[in-house]
Amino acid sequence: MKPQRSADTAESLDQTVYDALFNGIMHGRLKPGARLQEAALCAQFGVSRTVVRQALRRLSEVQIVDIVANKGAAVATPSPKETRDVFAARRAIEGAIVREVARRIEHGDIERLKQRLRAEHEALHYQDHPRWVALAGGFHLALAELSGNQVLQRMLTELMTRCSLIVALYEAPGEASCEHDEHTHLVELLSLRDADRAAEEMNKHLLALEARLQLPA
């Protein structure tokens, strides 16, 4: 039994390091290109290099950390081409998501989305940018959950992790990554169960989000 407990402990430590780094990247505390030095991480978390390497390997699998032989690990830096590819994929996936949501949405779902909109408005009012970014991304993931399609939900979750890096890297100063009014209009169309207009609005919303980025030509 002892080897099993040891394995369980290592897995738990690996998850602790993974979660801390993942959240640090998603909330902008670790910027694109930031070096993730094994020795420093071992000291910070009080774990072995084996645990740190396992956590970094898992982060590389979801493409938010790059590991280069003889150079180590760093927070991923999406290229302009990858950014455009990510948004093209999001437009395809989220168009399908809102069509399905419009078909199956219920009154309680609409009320919960409106609660999210009120939280977004509050974050904007108090100029709480980190909270606003988290809420704006959460709005899109909430729609994916309402679609009932777990495959689309997983695909969007992966794309949203990349978008967190993209926004941190290319967002223009003073620009919001998502516009609150655009989310509000989407909820209005979904409450009307207007699938075509909701899909069109989502496409416009994502095109506008991409256009607000400062991408090199």
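Going through Ala134, Ala144, Ala168 one at a time, which residue ends up being buried (at least 19 other Cβ atoms within 10 Å of the Cβ) and within 26 Å of Pro216 (Cα to Cα)?
Of the residues listed, the single one that is buried (at least 19 other Cβ atoms within 10 Å of the Cβ) and within 26 Å of Pro216 (Cα to Cα) is Ala168.
Can we say Asp14 is acidic (Asp, Glu), modelled with pLDDT of 95 or more and in a helix (DSSP H, G or I)?
When the stated conditions are applied, Asp14 does not pass them.
Let's see how each residue does on (1) in a strand (DSSP E or B); (2) outside the structural domain of Met160 (by TED's automatic domain parsing):
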| position | (1), (2) |
| --- | --- |
| Ala55 | no, yes |
| Ser60 | no, yes |
| Ile67 | yes, yes |
| Arg84 | no, no |
| Ile97 | no, no |
| Ala102 | no, no |
| Gly108 | no, no |
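Asp196 - would you say it is surrounded by fewer than 15 Cβ atoms within 10 Å (Cβ to Cβ) and at pLDDT 95 or above?
Yes.
Taking segment 42-58 only, how many residues are surrounded by 15 or more Cβ atoms within 10 Å (Cβ to Cβ) and either touching a Phe, Trp or Tyr at 6+ places or on another chain (Cβ under 6 Å) or farther than 27 Å from Tyr170 by Cβ (or both)?
Qualifying residue count, segment 42-58: 9.
Would you check which residues across segment 77-116 are aliphatic (A, V, I, L, M) and within 23 Å of Ala211 (Cβ to Cβ) and list them?
Val86, Ala88, Ala89, Ala92, Ile93, Ala96, Ile97, Val98
In segment 144-160, what residues are closer than 17 Å to Leu206 by Cβ and out of contact with any Leu (no Cβ under 8 Å at 6 or more places or on another chain)?
Listed by number, the residues that qualify are Ser147, Leu152, Met155, Glu158, Leu159.
Can you work out which of the residues in segment 179-206 that are charged (D, E, K, R) and not in a helix (DSSP H, G or I) is farthest from Ala102 (Cα to Cα)?
Glu179
Please indicate, with yes or no, whether at least one residue in segment 59-77 is over 23 Å from the mean Cα position of the chain (by Cα), within 25 Å of Pro130 (Cβ to Cβ) and surrounded by fewer than 18 Cβ atoms within 10 Å (Cβ to Cβ).
The answer is no; no qualifying residue exists.
Within segment 140-175, which residues are in contact with a helix residue (DSSP H, G or I) (Cβ under 7 Å, 6 or more places away or on another chain) and of a type in the set (Gly, Ala, Ser)?
Hits for segment 140-175 are Ala142, Ala144, Ser147, Gly148, Ser164.
Any residue in segment 169-178 that is out of contact with any strand residue (DSSP E or B) (no Cβ under 6 Å at 6 or more places or on another chain), of a type outside the set (Val, Ile, Thr), in a helix (DSSP H, G or I) and in contact (Cβ under 8 Å) with a residue 12 or more places away in the chain?
Yes: one or more hits.
Of the residues in segment 23-41, how many are under 29 Å from Pro216 (Cα atoms) and either buried (at least 18 other Cβ atoms within 10 Å of the Cβ) or β-branched (Val, Ile, Thr) (or both)?
The number of residues fulfilling the criteria is 5.
Could you check how many residues of segment 38-97 are under 15 Å from Thr157 (Cα atoms) and charged (D, E, K, R)?
Of the residues in segment 38-97, 4 are under 15 Å from Thr157 (Cα atoms) and charged (D, E, K, R).
The values are calculated or read from the model by the stated rules, or taken from the named source; none is laboratory data. Only a predicted model underlies this, so the values are computations on that prediction, with no experimental measurement involved. Quick reminder, even Gly has a Cβ in these numbers, built from the backbone with ideal geometry, and neighbours come from all protein chains shown.
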